[in-house]
1. Could you say which residue among B:V561, B:V608 is in contact (Cβ under 8 Å) with a residue 40 or more places away in the chain and within 14 Å of another protein chain (Cβ to nearest Cβ)?
2. So which strands (runs of 3 or more DSSP E) stay within the stretch B:159-258 end to end and still have 2 or more residues that are under 23 Å from B:A139 (Cα atoms) and either more than 11 Å from every other protein chain (Cβ to nearest Cβ) or free of Cβ contacts under 8 Å to residues at least 12 places away in the same chain (or both)?
3. For the stretch A:255-284, which residues satisfy the criterion of being within 15 Å of A:N51 (Cα to Cα) and out of contact with any His (no Cβ under 6 Å at 6 or more places or on another chain)?
4. Run down A:V60, A:V22, A:V29, A:V41 and say which single residue is in a helix (DSSP H, G or I) and closer than 18 Å to A:F212 by Cβ.
5. Counting just the residues of the stretch A:735-751 that are in contact (Cβ under 8 Å) with a residue 24 or more places away in the chain and part of a strand (DSSP E or B), which one comes out farthest from the other protein chains (Cβ to nearest Cβ)?
6. Give me the pairs, please: first residue somewhere in the stretch A:599-615 and over 15 Å from A:K718 (Cα atoms), second residue anywhere and surrounded by fewer than 16 Cβ atoms within 10 Å (Cβ to Cβ), beta-carbon distance under 7 Å, and either six or more positions apart or on two chains.
7. Of the residues that sit in the stretch A:35-52 and are crowded, with 19+ Cβ neighbours inside 10 Å and without any contact (Cβ under 8 Å) to a residue 60 or more places away in the chain, which one is nearest to the other protein chains (Cβ to nearest Cβ)?
8. Residues in the stretch B:427-446: is at least one acidic (D, E) and under 14 Å from the mean Cα position of the chain (by Cα)?
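The values are calculated or read from the model by the stated rules, or taken from the named source; none is laboratory data. Here the structure is a predicted model, which means the values were calculated and not measured. Every residue, glycine among them, receives a Cβ derived from its backbone with ideal geometry; neighbour counts consider all protein chains shown.
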Amino acid sequence: MSMQLLTLLQLLYILVLYIGVVILIPAAVFHSKFEEHPFYVRYMAYTCIGNFFLMNLVFVLQLLKISNRATLILGVIIPALLGIAAFHWQEWVKATLVTAGETTHNVMVNTMGFRLFFVRIFQNIGQAFTTTVKAIAENLVNRWFDWVGTIAIIAVICWQYGGHLFEVFGYTTSDMLVHNQWINAMGNNDIFTSGVYPYGFHCIIYFFHAVFGIKTYVLLRLFSLVQTLLIHMTLLFLLRLVCKTESAAYVATGFFLLLNIWGENAYVRYYSTLPQEYGMIFILPAIFFLILFFRGREEEEGTKGIKVDSTRMLRLFSICVSMTLAVHFYDTIALGILCVAIGLAFCRVVFKKENVGRIIYAGAIGLVIAVLPMLIAYVGGTPMQGSLRWGINVIEDKGYQDDLIDVGLDQSRLYEDKGLWEQAGAGFRKQIANVAAAVTATLSDGGQGMLSDGGQGTQRAGVKIAGSIFHTMQAYLAGYVFISKHSSFGVITLVLIVVGIVLGVITLFREEKEQGRMLLAASMNMIFFSLLLVARELHLPVLMDKNRTSIYVAFFLIILLGMIMDFFIDLGIGLIEGDILKKISPAIFAVVCFVFLGLAGWIRQPAKIEAFQKNGAVICLTNILRDNEPKTFNIISANDEIRMAEEYGYHYEAHELLLQNMGFNVNNYLVVPSSRVYVFIEKIPGDYDAPYEGSGRPLSRESASKPLPFGSGIDVYKGENRHVVMSKLYYWAQIFASMYENEISVYYEDDEFVCYEIRQSVDRPFDMSFEYGYNN
Amino acid sequence: MVSRRNFITILTLLLIMIFMFMFSGVIKQELNEYGTNSYAEVEADEKALKEESNALSEKLAVRNGTRADASAYATGLETGDWEKRVLFVSRDPSNEVSKVVTSWCNYMKRPMIRSTTLTDLDLDQIASLPEVIILDGEAMEWTQETDAALRLAHGGACVIFARMPSAEEMRNNQRLREMMGIKTVAREDQHVDGYRLFPGFLLGTEEEYVEGPGKEGCQDLDLLIPWYVTGEGSKTYVMGVVKDGSKESEELPSIVWRHAFGYGKVFCIGGDFMTKETGIGFLTACLGEKDSYDVYPVINAQNLVLVNYGGVSNENAETLNRLYDQKQIPLFRDVVWPSIISMTERSGNKLSLMVSPQMDYSDDVEPEEGLLIYYLKLLNEGYGEAGLSTKQFSTVSIREKLGKDRVYWEKEAGEYSLRSLYLHDFTKYDEAKQYVPDLRTIVTDESDGEPVFYADDNVTCQETTNLLMTHRFSEDIKMKAFETALGFSNVVMDMSLVSHPQGEEDYASFSRQTASNFLTYWKPYAGFDKTTLSESDLRIRRFFALDYSDHKQDNEITLHVDGFDDQAFFILKLNQGEIDEVTGAEVMNLKNGFFLLDVSQEDVKIKVRERRLFYY
């Protein structure tokens, strides 16, 4: 079976299970509560409930140290059954049971023959089938645009973010390995193994690993597509909620997926399974439910109580808030900023006496639920995880050097080694540097210039500062969010914000309050995020680093763009006469947009993603796990497999092996104690995202003859160090093979990677230390 | 009242049932030819096989002498044979090790050259050196021979130390230690608790030969050994076990191991394995570990022989009455036979029943009529074949005994061809064979000699490889060694222990012990064929008559069999890759890289491929 086919099957399996557990089970329990709402509301509600439940179930079981397959399954099934019984007992459950009982009785007392019994059963099945098909057909006819649009969006997501899964098998970011380690530790009920950290994402991955036996490394490899699919669905459905026209939502989401204007910063992390991106699934639903709450409040005319629909929406808002914090606090920050924008735009609704307290209470409850597991662990003596400190340092503006001004001459860091800085034109680079310097100079004179010449000076300084801020914002937007050749998009973004505000005000005057407020909220949100990009220069709190901010900027910009488009499409449709034309015009608009993009060559191709491991390594790992009993093998490799195979086998660091061989001592006896030992060697060593002169060349005797690199952690495998380690390991393996030609064989080999299999007796393992010519 | 119609129906049903039950018995009785030995009907030109065997033996006959002599010898051999030659070096060319090496070369169809020294070899012509050089390390002068041995091994020769030089020599000779991969000589004499045999060397499972629960009284290995600690480049096949827990396994003494030295391989066989025929298994195993593959002929026969089977006369009635409250005939018929059949059915073995009509000719008890034919009926129904045993507890001559037995046999089953004989004392062979005119094979007691050989031009001899009543550690190693080298075992149950018990142990414990031993220790060899003595006799004749050559090119192993007669068996030891396709033979996987080839034509081709991964 090819790895591609295996990947496809695994992906489908994960997708089906995720939909089943996270969406369908909540749907079975809560469908009566949301049956009045359109599909996209139900979808959002079930997704949030499902995720929230799973996360917190795992949190509780982990903190009680009783998390395992049985408790997790029971933890899902029992509440689901109780929920179904509680919500539906009076309805179809009871009716079905009564009918089944009566039929059985009739069959047993011979008042119903078997023939009739089976006829009835087939009739019922046929009826159900016909009804379902009818409903689907009816829905297809009535909502054909939604169907086509949604399927098209899903297809584009799969093309953009799924293709690489079949070409690149390894982890695509270095921190995935750390997450893998933490999830592995959860197998021993050791949550927060490296310190207190938002574990919501890990809980979900762990759940699917523990319950369905999907290996964690497989989930981490493939789950990115599932979560990216969900992120884009939330974007699409929020736009469907707030836009009056259907096409605006699909066209805007399509732009986000297809426009070739976004810088890699803005979307490259969607290719990896990472917590921050997983948490993005819950940002827009929070706003989604908040808007529904506002709608509900207006329709309910002050009615209160737990059975009121708006209360239900507020609860969903609360669990979304909770999940953003439980998964990644950057998502909570983003949601917080978005909530401020919503609060300002909807101030007349939010600050109503009967609403404000409830909203604050809901938000606070959500935060408390998320913080509680972490707090329990922290109070129990678990320290904070290192990256939390890093995040706090960023907020406190300490120690994080990604900033244009602070980095001074090392401005290429702005683009995180993606080579974009080099791609940017020299003029553009100069512009950014000049603007940033002007802002700093203006702000650093402490307003002396403003005071020196009275009002005129103040006015001039104000204009100068505003101009500088505007320039810096557009420069940063252009530099971080868009690709360098579209530097004008920084200005366009700011123009869109202004347009959004103007249209929002116009819409408010047109008595379309929700649309107007949403336009204003989306515009203000963009202002806040643009300011966040230049927060350091304005001496404002730096809530998150610029690279991460740019992800949210692009994401939220699409909401603004969608709403502006919606305004004009709606205006255009109003001018069209004839029902049929009105109906098909959105579709025509969407088609025209994308045909134009295609003809103009503005369609983005999927990014070329590179992994930290060679494909061969993952192919080997997959086969090794299939071929061997658990804990009967060792993998000698450079780091990554240590976590990927942690639950199934043992790992021996390649560097450690070479270290033990240094300055060969005849009296040493180095043992790697397992019956099978697999040695992973990169014939063309990677550089682990640390390029150096000569990156990508085959391993060599020259490299092998260099001293073994020293350093901590992954450093010995980064850059040229990896070349040295791999070269030495290769020649070590060659000498081993000359001594044990019958006990070693090539397990797998391609142009870039080779894996040797060593077969030995675990009771008399071979001596792995010997003179191999490069023991320095 | 039963109606007439119902009565006829019931009667018809009864008749049908009676017919159905009786029919099978009647058919069996009528069609079974109890009086003939079906195993004697296999047609084979035994004379031609013997002639081919003689010709081959003559061609490969051992030569003594120097390089010059060897070159002359080479002219009489085909190229393939000459390439397979073995050089055996020992100051004492007639010692036990020499005999073992000689018989091994005979079985493996390899020409053998003996020499007393390595120094007369042309060491500059390593490519022209023998494929295998076996050194009797204990019988060599190492002050003179070390240089030559080192040059040979370093140059790429396969050197096997059939016995190790003395521990003192090893301690003092650093270069020899280096060649053998010995890091240190920890002690010259160390008492170990037992041995550990690792899998993949000898055919069968890995084993720890240390006394413990269930293994009481099994230890009979030499536990006083020199403690050699081997290191990098070495692979240990047998190591000494010291149970005090003070040492890691890699520090424990190596007894049999391999070391990669320069371009060559050095095999070291410590202990006393090479002074007995067990050595043929160790030499075969060493060769099996030398290259990526090895292929060699085997007999492929697993015999279960019940010797001294009484049960046709009521001898030793007093003792048996005391122990069992019954006489010998009912004891054997109603107790012994069912338990033996149960054992053979579970193992799938065939029986070779060596009947002993009488074992005491000094009493008046004579064998009873009808019982021999009873057993022959049972044997003919699928359990095996019958032969005669010569053991007796009286003092009559073997002529007299066999004369009387012959008379009884001809009276009871005159047409049954007697082809096998259990002759516990091989020196009486010439006397005995006259009384068994159809004799083709004899079974003799265990010895340290060759397990199979021609007793004369017409008769083969199959030595007892194992007695079932005991299974001590050395016996287990012997079993593994013979299975590895020859695919042969001749397991004997001495039933005189039941008819004439020596102590107070009853049949239940005898049966339990023998069944347990047989069903446990021979289980890994289920891939070999289960045979009667006549069947194994034919396979032995074919084995002796054949010669073979093999080579590997790219991924294809080619095997050519000379003297092929209808069927031949080979073992293929594959150390790299897996079998892709075989033409000219059927393949049976014997585990741990061993495969049995059932060759059906002269040329066999085996394609080997690298292991394919499931996910790619």
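1. Values: B:V561 fails: within 14 Å of another protein chain (Cβ to nearest Cβ).
Going through B:V561, B:V608 in turn, just one is in contact (Cβ under 8 Å) with a residue 40 or more places away in the chain and within 14 Å of another protein chain (Cβ to nearest Cβ): B:V608.
2. Working: elements: B:182-191, B:194-197, B:207-210, B:224-230, B:234-241.
Counting at least 2 such residues, we get B:182-191, B:224-230.
3. Across the stretch A:255-284, the qualifying residues are A:E277, A:Y278, A:M280, A:I281, A:F282, A:I283, A:L284.
4. Values: A:V60 fails: closer than 18 Å to A:F212 by Cβ; A:V29 fails: closer than 18 Å to A:F212 by Cβ; A:V41 fails: closer than 18 Å to A:F212 by Cβ.
The unique qualifying residue is A:V22.
5. Taking the stretch A:735-751 as the starting set, the residues that turn out to be in contact (Cβ under 8 Å) with a residue 24 or more places away in the chain are A:735-736, A:739-740, A:747-751.
Narrowing the set further to residues that are part of a strand (DSSP E or B) leaves A:747-749.
On the way: A:Y747: 8, A:Y748: 6, A:E749: 9 Å.
Filtering the stretch A:735-751 for residues that are in contact (Cβ under 8 Å) with a residue 24 or more places away in the chain and part of a strand (DSSP E or B), the one farthest from the other protein chains (Cβ to nearest Cβ) comes out as A:E749.
6. A:W602/A:N260; A:I603/A:N260; A:R604/A:N260; A:P606/A:W159
7. The initial filter retains those residues of the stretch A:35-52 that are crowded, with 19+ Cβ neighbours inside 10 Å, namely A:40-52.
Next, from what is left, pick out any that are without any contact (Cβ under 8 Å) to a residue 60 or more places away in the chain: A:42, A:46, A:50.
Details: A:R42: 39, A:Y46: 35, A:G50: 31 Å.
Ranking the candidates gives A:G50 first.
8. Initial filter on the stretch B:427-446 (acidic (D, E)): B:430-431, B:438, B:445-446.
With the extra rule that they be under 14 Å from the mean Cα position of the chain (by Cα), the set shrinks to B:445-446.
Yes.
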